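Undergrad: Quick one: this structure, given as structure tokens, is what I'll be asking you about.
The values are calculated or read from the model by the stated rules, or taken from the named source; none is laboratory data. Computed from a prediction, not measured in an experiment: that's the story for all the values here. Methodologically, a virtual Cβ is constructed for each residue, glycine included, from the backbone with ideal geometry; neighbour enumeration extends over all protein chains shown. We work out accessible area using only protein heavy atoms, side chains counted, and drop any ligands, DNA or RNA first. Shrake-Rupley method; radii C 1.70, N 1.55, O 1.52, S 1.80 Å.
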Amino acid sequence: MGISGTWSRKVAVIGGAITLFVALVGIFTLWRLYDIEHLCQISQGAQALSTAAVAVLITIDWVLVFLEVAGAITTIIVLAWPMIKQVRAATQNVQSSAAQLQAAATQQATGSREQTSALNEVTTTMKELVATSQQIADNSDQVSHMAEEASRSSATGDSTARRALEAIASIKRQMDAIARHMLELGKRSQQIGLVLDIISEMAEQTNILAINATIEAAGAGEAGQRFAVVADEVRKLADRVSASTKDIRVLVEEIRSATNTAVMATEDGGKAVDAGTRQFNDLESAFSQITSLVNNVMDASKEIVLSTRQQTTAVEQVNSAIVDVTQAARENEVSTRQSLEAVAQLVALSRDLMLLVNDQEKADGARSL
Amino acid sequence: MDDQQFNLDVDELRQSFDSAFSAPPRSFMGRQDMLLLVGLWEDAYAVRMLELTGVHRVERITPLPGATPDLLGIAVIQGHLTPIFSVGVLLGYPREDTGACWVLLASADPPVGLAIPELQGYHVMSADAVSTSLAGSVDRAFVSGYLHVADGVRTILNVAAIMQAIYARVGTTGARHKGE
């Protein structure tokens, strides 16, 4: 249309100019040959001629344009036919590829949804795992604290048992001292008994002497009466001394019996103290063992706490990564959905293009006939 | 011995001891007898001190071969070799052993010892505390009366009669009881 249109216009313009020049030359010639009136008539005839020429030129121009368009269309048809075939083949390929893309995008969208769902489950599980790990870490921490408390209590018990052992040893020494004093007291009681025997014999002898003095006084008759009174008083004193020595002997025997009982009690107490010492030794040994075991438990619980914290940190990191992966999967899902929509549009476009190509092909076939 | 009884005994002892020195001197008023309270086996007896010259504790009596059952043996008393007779055997009791015992020296020349197993005490009595009419198991030849005391009735032995019985048994002629 461009080249042929420009060329026809140039031809029309040049024709018009030549016509106008010829007209002007005729007019000038006529003006010289004829008068004004004739000239006016000539001018009017020329004007009508010019108008007719312009109409002719316009008609020619239209014809030329028509011809030019028809040629262009013909050229296009001739030139575009293979291209239409190629477009048709390409459109078919595009449609096929778009269908494959659509299927792939659909499958990818399904996979993305499943992946997102699975990752959500994994995320939930990981959160539970993090919570469980944290709970384990807290429990292990509490166990560690309790183990430390138990260790301190055990150490206190150990110290208390040691002090009790020292106290028992002191009690044992005191018991031994008491036993020695009791034995000494028993010896002194025996000595008192010996002295009492002497005093008792002396009182008895005094009593006998008093009785004999009384007898002598009675034999002396009236002269011995006052002496008999004195002798009787002496005898009474001797009786009292004898009675008192008996009381003292009873007391000394009671003291001796109590002393023997105390000695036996201290011996029993010493045996009990020995048994208590052995038991406290066992107790101290048990406390030491408990302390050692509790320390082991404390160390183990600390290691558990440390490991659990590391595990928690690792699980949290895994959880964070899975959250990122989930987010990426969600984005991928969105992207896939967008791709699917684009592919659907592409499929629709290729289908429309295919229809257009078919229509054009039919139209061209009809025109060529 | 409980504490309360012990304190009571001590107080009583203290009071009696103090009163012995604070009370005015007393004398035996009226007709009174002084008696030794003795025990023979399970029975209680009394002996008038006026019939004795002394009382002694003998730790050992040396038995004599061929002696009569009532002659326990001999013992040294105040430097004198003294025959010791068993009052219990004379009164019909079983013979006691020859261990330590109390010996009553009777008023005799030479002295004769009367062995008794138990010396129970000393008693001063008024004459009206003695009765003469009380039945007993002992031969009344050896009884001079009966003493009524708080713990019962005691038979008062007649030492002179006992000495006569001894003299009669051993056939001694030189010995004489001072009471005779």
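Undergrad: Just one of A:228, A:169, A:164 is within 14 Å of chain B (Cβ to nearest Cβ) and either aliphatic (A, V, I, L, M) or touching a residue at least 12 places away in the same chain (Cβ under 8 Å) (or both); which is it?
TA: A:228
Undergrad: Is it the case, given these coordinates, that residue A:162 is loosely packed, with under 14 Cβ neighbours inside 10 Å and part of a helix (DSSP H, G or I)?
TA: No: the conditions fail for residue A:162.
Undergrad: Would you check if there is a residue in the stretch A:253-267 being at pLDDT 85 or above, within 12 Å of chain B (Cβ to nearest Cβ), open to solvent by less than 20 Å² (accessible area, probe 1.4 Å) and in a helix (DSSP H, G or I)?
TA: No, because not a single residue in the stretch A:253-267 is at pLDDT 85 or above, within 12 Å of chain B (Cβ to nearest Cβ), open to solvent by less than 20 Å² (accessible area, probe 1.4 Å) and in a helix (DSSP H, G or I).
Undergrad: Given the criterion in contact with a helix residue (DSSP H, G or I) (Cβ under 8 Å, 6 or more places away or on another chain), of a type in the set (A, V, I, L, M) and in a helix (DSSP H, G or I), identify the matching residue among A:105, A:131.
TA: A:105
Undergrad: If you go through the stretch A:52-70, how many residues are open to solvent by 60 Å² or more (accessible area, probe 1.4 Å) and modelled with pLDDT under 80?
TA: Of the residues in the stretch A:52-70, 1 are open to solvent by 60 Å² or more (accessible area, probe 1.4 Å) and modelled with pLDDT under 80.
Undergrad: Which residue is surrounded by the most Cβ atoms within 10 Å (Cβ to Cβ), if the candidates are limited to the stretch A:117-133 and must be in contact (Cβ under 8 Å) with a residue 24 or more places away in the chain and within 8 Å of the chain's Cα centre (by Cα)?
TA: Among them, the one singled out is A:133.
Undergrad: Considering only residues that are part of a strand (DSSP E or B), within 14 Å of another protein chain (Cβ to nearest Cβ) and not hydrophobic (A, V, I, L, M, F, W, C), which ones fall in the stretch B:35-69?
TA: The answer is B:48, B:53, B:54, B:56, B:57.
Undergrad: Okay, next question. How many of the residues making up the stretch A:222-241 are open to solvent by 30 Å² or more (accessible area, probe 1.4 Å) and under 15 Å from residue B:122 (Cβ atoms)?
TA: 8
Undergrad: So, one more: Just wondering, is there one or more residues in the stretch A:179-187 that are aliphatic (A, V, I, L, M), open to solvent by 80 Å² or more (accessible area, probe 1.4 Å) and in a helix (DSSP H, G or I)?
TA: Taking every residue of the stretch A:179-187 in turn, at least one turns out to be aliphatic (A, V, I, L, M), open to solvent by 80 Å² or more (accessible area, probe 1.4 Å) and in a helix (DSSP H, G or I).
Undergrad: Quick test for you: out of A:208, A:215, A:248, pick the one residue that is buried (at least 16 other Cβ atoms within 10 Å of the Cβ), in contact with a Leu (Cβ under 7 Å, 6 or more places away or on another chain) and facing chain B (nearest Cβ under 7 Å).
TA: Residue meeting the stated conditions: A:215.
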